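Read the figures in this text as sums done on the coordinates, not as results from a lab. Please read these numbers as outputs of a predicted model, since none were measured by experiment. Using ideal geometry, Cβ is built from the backbone for each residue, glycine included, and neighbour counts are taken over all protein chains shown.
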Amino acid sequence: MKKAQRLLMASVVLGLISMGAFIFGRLAMTDIFHGEPDLTLEWSVVSMSFLPILIFHLISVVAALYAIRCIRNERLN
């Protein structure tokens, strides 16, 4: 049960971080679209926002699979 709680808490925290990264990435993409003269910072933000979003998705899938396995084991007992 503790593992499930840790996975869910990690998923929530990473979800909030991922949401912030998504917003900053979206703002950077807007600047890129508008053709700002120096886009180094914007492309850095876009590339750095990829990792938190990817980690959030991976942890969420692992947490969901673990929850499904726990539910199946409880039904079998």
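Only one entry in 60, 18, 47, 11 is within 18 Å of the chain's Cα centre (by Cα) and over 30 Å from residue 73 (Cβ atoms), namely 47. Within segment 49-66, the set of residues being out of contact with any Ser or Thr (no Cβ under 7 Å at 6 or more places or on another chain) and surrounded by 14 or more Cβ atoms within 10 Å (Cβ to Cβ) comprises 49, 55, 57, 66.
Please identify the pairs in which a residue from segment 1-23 that is farther than 18 Å from residue 64 by Cβ has its Cβ atom under 6 Å from the Cβ atom of a residue that is assigned to a helix (DSSP H, G or I) and among the hydrophobic types (A, V, I, L, M, F, W, C), counting only partners at least 6 apart or on another chain. Pairs that qualify, where the first residue is farther than 18 Å from residue 64 by Cβ and the partner is assigned to a helix (DSSP H, G or I) and among the hydrophobic types (A, V, I, L, M, F, W, C), are 21/53. A Cβ distance below 7 Å, combined with a sequence gap of six or more or placement on separate chains, defines the contacts here; from segment 63-77, residues that are without any contact (Cβ under 8 Å) to a residue 60 or more places away in the chain reach residues that are in a helix (DSSP H, G or I) in the pairs 63/7; 63/8; 63/11.
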